[in-house]
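Colleague: Following this message is one structure expressed as structure tokens.
The values are calculated or read from the model by the stated rules, or taken from the named source; none is laboratory data. Being a predicted model, the structure only gives us computed values, none of them experimental. A quick note on method: Cβ atoms are made from the backbone with ideal geometry, for glycine too, and the neighbour counts reach across all protein chains shown.
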Amino acid sequence: MGNKPKPDDRRDNVDKIQFNIDNTIENYRLAKEMINKTDDVSTKRDLIEKNKRRKESLENMKNEIKDEAKAKHNDYK
């Protein structure tokens with residue numbers, strides 16, 4: 001049918017990753033506030049687990065943004 005895949009455009013990857021990092025940090029902060037406010041043990045446990053996964057994701061995104069920034073600096077070669 002002549003459909004061609006879109007070319008790989010990585011120019012805004014750093015910005016996208018940074019946006020995701022910022023959102024994850026905000027969600028982490030809000031969850032911590034909720035943990036401190038709630039008395040529900042189940043809710044606390046769930047939020048603590050989510051924040052543990054968020055911390056792991058943040059580390060991965062920070063590594064990814066370093067790689068993307070390096071690639072951008074080298075003109076994606």
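Colleague: Go through (1) outside any helix (DSSP H, G or I); (2) surrounded by fewer than 10 Cβ atoms within 10 Å (Cβ to Cβ) and name the single condition SER42 misses.
Modeller: Evaluating SER42 over (1) outside any helix (DSSP H, G or I); (2) surrounded by fewer than 10 Cβ atoms within 10 Å (Cβ to Cβ) leaves (1) as the failure.
Colleague: Can you name the residue in the range 4-32 that is among the aliphatic types (A, V, I, L, M) and at pLDDT 90 or above and is also nearest to the chain's Cα centre (by Cα) among such residues? Write out each step before concluding.
Modeller: We begin by selecting, within the range 4-32, every residue among the aliphatic types (A, V, I, L, M); these are 14, 17, 21, 25, 30-31.
Within this subset, residues satisfying the condition of being at pLDDT 90 or above are 17, 21, 25, 30-31.
Details: ILE17: 6, ILE21: 4, ILE25: 8, LEU30: 15, ALA31: 15 Å.
Per the stated criteria, the residue is ILE21.
Colleague: Anything in the range 5-29 that is farther than 18 Å from LYS70 by Cα and outside any helix (DSSP H, G or I)? List them, or say none.
Modeller: Scanning the range 5-29 gives PRO5, LYS6, PRO7.
Colleague: While we're here: Can you run down the residue pairs with Cβ atoms below 6 Å, 6 or more apart or on separate chains, where the first is in the range 38-67 and closer than 21 Å to ARG10 by Cβ and modelled with pLDDT of 95 or more and the partner is acidic (Asp, Glu) and not in a helix (DSSP H, G or I)?
Modeller: Matching pairs, first to second residue: none at all.
Colleague: Quick check, is ARG11 touching a residue at least 12 places away in the same chain (Cβ under 8 Å) and within 21 Å of HIS73 (Cα to Cα)? Reasoning before the result, please.
Modeller: Working: touching a residue at least 12 places away in the same chain (Cβ under 8 Å): yes; within 21 Å of HIS73 (Cα to Cα): yes.
The answer is yes for ARG11.
Colleague: Tell me yes or no: at least one residue of the range 53-64 is more than 17 Å from the chain's Cα centre (by Cα) and hydroxyl-bearing (Ser, Thr, Tyr). Spell out the reasoning first.
Modeller: From the range 53-64, those more than 17 Å from the chain's Cα centre (by Cα) are none; that's our starting set.
Checked the range 53-64: no residue is more than 17 Å from the chain's Cα centre (by Cα) and hydroxyl-bearing (Ser, Thr, Tyr).
Colleague: Can you tell me which residues in the range 27-77 are β-branched (Val, Ile, Thr) and touching a helix residue (DSSP H, G or I) at 6+ places or on another chain (Cβ under 9 Å)? Quick ask: steps written out before the conclusion?
Modeller: Residues of the range 27-77 that are β-branched (Val, Ile, Thr), as a first pass: 35, 38, 41, 43, 48, 65.
Hits for the range 27-77 are ILE35, THR38, THR43, ILE48, ILE65.
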